[in-house]
Amino acid sequence: MASIFIDLNAISQNIKTIAGLCNKYGISITAVTKGVLADQRVVRVLLNCGIKDIADSRLTNLKRIRKISDDIYLTLIRSPEIGEIEETLNIANCSFVSEVSTVEKISRVAMRKNLTHDIVVMFDLGDRREGFLPSEITIVLTYISRIPNIKIRGIGTNLGCISGVCYTGKKLEQLCDLASKAEKILGYRLEIISGGSTGALNLLYDGQVPKEVNNFRIGTAFF
């Protein structure tokens, strides 16, 4: 019978190495656990390495993580489906969003629960996977900023996934320009400018990540 052996010590070393690199450039890490099904042993290694910002695309995985601690900041790294919003707000602190209608539905549930839900607004910089178009930023953020019980935590982009558009310094500069516009529209400083995933790590080594980018979503490089 085939078996998979998970070396927790090796994972710990990976996390420490990448965290050290990101810390050097002032970049926080959101650990993405979907590749390991949010295995609690792996999650505890993340926590022991000081990472308490964790994301996943599956609510069942986020629920598994939440059982470990209420102090972990959990993000649903996609837009919740209509039937998932109730459960999402019960488990997660934040969601990635790409549609205004989804934010409106999240707001209605958040109002009923008397809580504020964080969102990261995604922008499509060419990969065509998810996100608003850059040209929509003013109308979208102006509208979302008025929706009750919603806090725009930051903005982000996803590249290197569907259309073969890779992370480049120029693409991240484009994201930073959007962040600057967003902060003028909102009237406050964004908590995170999420500039990429494992696929963008090579730009750190090459010194091509703009200083305004302050968050990476890392999964594959850890595990």
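The values are calculated or read from the model by the stated rules, or taken from the named source; none is laboratory data. As the structure is a prediction and not an experimental result, all values here were calculated from the model. Cβ coordinates were reconstructed from backbone atoms using ideal geometry, including for glycine residues, and neighbour counts include every protein chain displayed.
Can you tell me which residue is farthest from Glu191 (Cα to Cα) among those in the stretch 29-50 that are polar (S, T, N, Q) and out of contact with any Ser or Thr (no Cβ under 9 Å at 6 or more places or on another chain)?
Gln40
Where residues in the stretch 140-199 are within 26 Å of Ile15 (Cα to Cα) and polar (S, T, N, Q), which of them is surrounded by the most Cβ atoms within 10 Å (Cβ to Cβ)?
Ser194
Answer yes or no: is there a residue in the stretch 15-32 that is surrounded by 12 or more Cβ atoms within 10 Å (Cβ to Cβ), free of Cβ contacts under 8 Å to residues at least 40 places away in the same chain and assigned to a strand (DSSP E or B).
no
Hey, among Ser180, Ser135, Ser107, Ser79, which residue is of a type in the set (Ser, Thr, Tyr), outside any strand (DSSP E or B) and over 29 Å from Gly199 (Cα atoms)?
Of Ser180, Ser135, Ser107, Ser79, the one residue that is of a type in the set (Ser, Thr, Tyr), outside any strand (DSSP E or B) and over 29 Å from Gly199 (Cα atoms) is Ser107.
Checking Thr220 against (1) part of a loop (DSSP other than H, G, I, E, B); (2) touching a Gly at 6+ places or on another chain (Cβ under 7 Å); (3) within 19 Å of Ser79 (Cβ to Cβ): exactly one of these is not met. Which one?
Of (1) part of a loop (DSSP other than H, G, I, E, B); (2) touching a Gly at 6+ places or on another chain (Cβ under 7 Å); (3) within 19 Å of Ser79 (Cβ to Cβ), only one is false for Thr220: (3).
Among the listed residues Arg153, Arg146, which satisfies the condition of being in a loop (DSSP other than H, G, I, E, B) and farther than 23 Å from Thr17 by Cα?
Of Arg153, Arg146, the one residue that is in a loop (DSSP other than H, G, I, E, B) and farther than 23 Å from Thr17 by Cα is Arg146.
Could you tell me whether the stretch 52-65 includes any residue that is of a type in the set (A, V, I, L, M) and either at pLDDT below 95 or part of a loop (DSSP other than H, G, I, E, B) (or both)?
no
On the basis of being more than 16 Å from the chain's Cα centre (by Cα), closer than 30 Å to Tyr205 by Cα and among the polar types (S, T, N, Q), does Ser101 make the cut?
No, not satisfied.
Considering only the stretch 37-46, how many residues are more than 17 Å from Arg78 (Cα to Cα) and either of a type in the set (Lys, Arg) or surrounded by 18 or more Cβ atoms within 10 Å (Cβ to Cβ) (or both)?
Final tally of qualifying residues: 6.
Cys166 passes all but one of (1) over 21 Å from Ile29 (Cα atoms); (2) of a type outside the set (Lys, Arg); (3) in a loop (DSSP other than H, G, I, E, B); which number fails?
Only one criterion in (1) over 21 Å from Ile29 (Cα atoms); (2) of a type outside the set (Lys, Arg); (3) in a loop (DSSP other than H, G, I, E, B) is unmet by Cys166, namely (1).
Check Thr75, Thr138, Thr168 and return the single one that is farther than 24 Å from Ala200 by Cβ, among the hydroxyl-bearing types (Ser, Thr, Tyr) and out of contact with any Asp or Glu (no Cβ under 7 Å at 6 or more places or on another chain).
Criteria check complete, one pass: Thr138.
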